[in-house]
Amino acid sequence: MKKLLSIAIDGPAGAGKSTVAKQVAERLSFIYIDTGAMYRALTYKALLKGANLNDGRELEIVLNDTDIKLVITNGGQAVLLDGKDVSEEIRTSEVTNNVSFVARQQEVRTEMVKRQQLLAETGGVVMDGRDIGTHVMPNAELKIFLIASVEERARRRYEENITKGFEADFELLKSEIALRDKRDSEREVAPLRKAEDAIELDTTSMTIEEVVSSILHYAKERAL
Ligand code: CDP
Ligand code: CDP
């Protein structure tokens, strides 16, 4: 029997990775793995515990005692941290603005990548993040690198907040996104970078459906 495809989707914040990855996974009946949610869950727990976010050893100890599960629910996917649903808590601006510090620690990345590779063992996965094509699934049959202008990405986050009834400041969102991109791209360990064999899609003026169709088209080509 042919091994099912593995699809890696990387790119900066707000490029559309999770929205698109989820839909591609659904259409192919694949598993969707949101690696950003795993880093967010650890950041949330570390903040609660008052851990030093710049100390890789301390974070490693917290992580070794932490269970993170991505589960399917009626409405999509939930993140369980030590058995508790923290899907909403991990999206607060406090977590968002601190996650890059946690994610740059070597000890944290080594353990996270190990867990992500285990989840992807079977194939038939769509995984999104920053280092999926370069480190987590370097042999993925299909690698996509999504980009979009920082204005467009801030606009998307702004719309998202307003739709949910939250307050939003466009300029602040834009500067937070730019700062996180800078930290993620300039870190020493597994920085955000396009894999050499990845297909780059600029989604600035693409609809979600156009991006999904394009990825499905590449997936069909690879599956032949
Ligand atoms: O959805 P959004 O683009 O805002 O971010 P995310 O995918 O939830 O990822 C949150 C943060 O986790 C990123 O800014 C990175 O610092 C880190 N991350 C990472 O380092 N490596 C990954 N594979 C995924 C996320
Ligand atoms: O995961 P990532 O941070 O890369 O982005 P996302 O959370 O999937 O997408 C951010 C927002 O942009 C969502 O509200 C999407 O509905 C929206 N989006 C869009 O308007 N057009 C696209 N082509 C892709 C995403």
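Listed peptides 119-126, 193-200 appear in the order 119-126, 193-200 once ranked by packing, highest mean of other Cβ atoms within 10 Å at the front. In a fully extended conformation the segment linking Lys84 and Ser205 would gain 39.8 nm over its present Cα-Cα distance, using 0.36 nm per residue. Nonpolar atom fraction for the range 1-148, defined as the carbon and sulfur part of the 1.4 Å probe accessible area, stands at 51 percent.
Modelled this way, with points 7 Å down the Cα-to-C-beta line, the labels at Val62 and Thr122 are 3.1 nm from one another. If the segment from Glu188 to Asn161 were pulled out straight at 0.36 nm per residue, it would be longer than the present Cα-Cα gap by 6.5 nm.
Taking the solvent-accessible surface of protein heavy atoms with a 1.4 Å probe, what is the per residue accessible area of the chain in Å²? Before the final figure, lay out each step's value.
Numbers: 11580 Å² over 224 residues.
Result: 52 Å² per residue.
Over the chain, dividing the summed -39,500 (n - 2.57) contributions of all DSSP H runs of at least 4 residues by the number of residues returns a 222 nm mean residue ellipticity of -15500 deg cm²/dmol.
Mind grabbing the base-10 log of I(q)/I(0) for the chain at q = 0.14 Å⁻¹? Debye formula, identical points on the C-alpha positions, no solvent, two decimal places. With one equal scatterer per Cα and no solvent, log10 I(q)/I(0) is -0.88. When only alpha carbons are used to place a centre, the range 35-86 and the range 178-224 end up 25 Å from one another.
For Leu53, no residue 5 or more places off, or on another chain, has a built amide H under 5 Å of its own. For the range 1-90, trypsin sites (Lys or Arg not before Pro) are listed when DSSP marks them as loop and at most 14 other Cβ atoms sit within 10 Å of their Cβ; the list is Lys2, Lys3. If R0 equals 35 Å, the separation of the Cβ atoms of Leu179 and His217 corresponds to a calculated FRET efficiency of about 0.55.
The values are calculated or read from the model by the stated rules, or taken from the named source; none is laboratory data. This structure is a prediction, so every number in the text was calculated from the model and none was measured. Positions of Cβ are backbone-derived with ideal geometry, glycine not excepted, and every protein chain shown enters the neighbour counts. These accessible areas exclude ligands, DNA and RNA; they are computed on the full protein's heavy atoms, side chains included. Shrake-Rupley method; radii C 1.70, N 1.55, O 1.52, S 1.80 Å.
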